[in-house]
Amino acid sequence: MSRELTTHEKHKFRQQLHTLRARLLGDVKELEAEALRPTGALSGGATDDPGTSEAAEEVARTLLVSEENLLSEVNAALERLAQGTFGQCEQCGRAISRERLEVIPYARTCIRCARAGEREET
Ligand SMILES: [Zn+2]
């Protein structure tokens, strides 16, 4: 029933992943700059609550971690495209639905396995 992804579809997902990766690389650079910016270096010298900038820095660091995770997921998906295993669930081996791939082109598992995994974690 579930036919293989066509070359055209794979090409489309590859494009999508490349775009996503480029965007992530840009974002990561910006976030790094944000995280590394020394506190209290704002011009004007008005000594605001020092806690505020520290909190913002913390948020930037947290974002940086998840963006890097996402980036490695995107890279792994591109790797799977190159190896011809793209669109295949890593857990049950079934085809991941197109609808799911269109939303999450870097998905490793089918919706069923993803849902099962979520239930196990909680
Ligand atoms: Zn599965």
Here, region 7-121 modelled as identical Cα point scatterers in vacuum has Debye log10 I(q)/I(0) at q = 0.10, 0.11 Å⁻¹ of -0.44, -0.51
Any residue on another chain or 5+ positions along whose placed amide H is under 5 Å from the amide H of residue 88 is listed here as 96
Length gained, residue 23-residue 104, 0.36 nm per residue minus C-alpha separation, equals 27.6 nm
Other residues with Cβ under 11 Å from the Cβ of residue 31 give, with Lys and Arg +1 and Asp and Glu -1, a net charge of -4
Between residue 65 and residue 11, the FRET efficiency computed from the C-beta separation at R0 = 35 Å comes out, to the nearest 0.05, as 0.65
Measuring from its Cα centre, region 7-121 shows a charge dipole (+1 at each Lys and Arg Cβ, -1 at each Asp and Glu Cβ) which, in debye to the nearest 20, is 1000
For region 7-121 the mean separation of alpha carbon contacts under 8 Å (6+ apart) over residue count, i.e. relative contact order in percent, is 26
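Each value in this text was obtained by applying a stated rule to the coordinates, not by laboratory testing. Since the structure is predicted, the reported quantities are computational estimates derived from the model, not experimental observations. We place every Cβ from the backbone using ideal geometry, glycine too, and count neighbours over all the protein chains shown.
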